[in-house]
Amino acid sequence: PNVGKSSFVSTVTTRPLQIASYPFTTTEVSVAHVLVGPEKIPVQLVDTPGILDRPLETLKPIELRAIAAIQHLATLVLFLIDPTEHCGFLLENQLSLLEQIKTVLPIPLLILVNKIDLMTQDEQQQIQDKLSKRFPKFQIIMGSAKKQASALYVLEQCLQQEEVQQALLAAQQQILLL
């Protein structure tokens, strides 16, 4: 919660979302769209309520809806973390949740280290190193959800992932078959 998911969606789309500096502002799954890159590739973004780091069987209905939306709609998960802990949650709790999510969701995942504008270069390098060691199979992107250029760069990186490329190709083939 409060790591910048809604800020990210609001930055790259025209979808008005409620954003506040306290956890659980987002209470429903929201869908928004954006055209990315020079090719203007349409991308659907799904903003979900925050999920807490706790056993799956103890999650609240709002958290279960978020997981269900991801399971049924996502080609790729962009997992945002706030290493500054301004979100109100320890970094270790955020990383523990990531560990749990990656076992529950068989969906490719990228990690966005958000709020880097609040970090020094040394802090950014330390978090990059820590995440690379702990999650060696995931691409880690450093960025700021509130800066449009940074957020669009993140989306372009998402589009470069093999699974997303395959989904785009499949969608193009489906359109050709109609």
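The values are calculated or read from the model by the stated rules, or taken from the named source; none is laboratory data. Remember, predicted model here, so these are calculated numbers, not experimental data. FYI the Cβ positions are ideal-geometry reconstructions off the backbone, even for glycines, and counts take in every protein chain you see. The protein model used for the area step is the full one, side chains on, heavy atoms only, and it has no ligands, DNA or RNA in it. Shrake-Rupley method; radii C 1.70, N 1.55, O 1.52, S 1.80 Å.
Please work out which one of (1) open to solvent by less than 70 Å² (accessible area, probe 1.4 Å); (2) touching a helix residue (DSSP H, G or I) at 6+ places or on another chain (Cβ under 9 Å); (3) at pLDDT 80 or above is the condition LEU52 fails and give its number. Against the list (1) open to solvent by less than 70 Å² (accessible area, probe 1.4 Å); (2) touching a helix residue (DSSP H, G or I) at 6+ places or on another chain (Cβ under 9 Å); (3) at pLDDT 80 or above, LEU52 comes up short only on (3).
Of all residues in region 73-82 being out of contact with any Leu (no Cβ under 6 Å at 6 or more places or on another chain), at pLDDT 75 or above and open to solvent by 30 Å² or more (accessible area, probe 1.4 Å), which is nearest to VAL154 (Cα to Cα)? If we take residues in region 73-82 being out of contact with any Leu (no Cβ under 6 Å at 6 or more places or on another chain), at pLDDT 75 or above and open to solvent by 30 Å² or more (accessible area, probe 1.4 Å), then LEU76 is nearest to VAL154 (Cα to Cα).
Among the candidates GLN139, GLN172, GLN166, which residue alone is modelled with pLDDT under 85 and among the polar types (S, T, N, Q)? Working first, answer last.
Numbers: GLN139 fails: modelled with pLDDT under 85; GLN166 fails: modelled with pLDDT under 85.
Step by step, each of GLN139, GLN172, GLN166 is checked, and only GLN172 is modelled with pLDDT under 85 and among the polar types (S, T, N, Q).
Scanning region 93-110 for residues that are at pLDDT below 95 and open to solvent by less than 50 Å² (accessible area, probe 1.4 Å) yields a total of 12.
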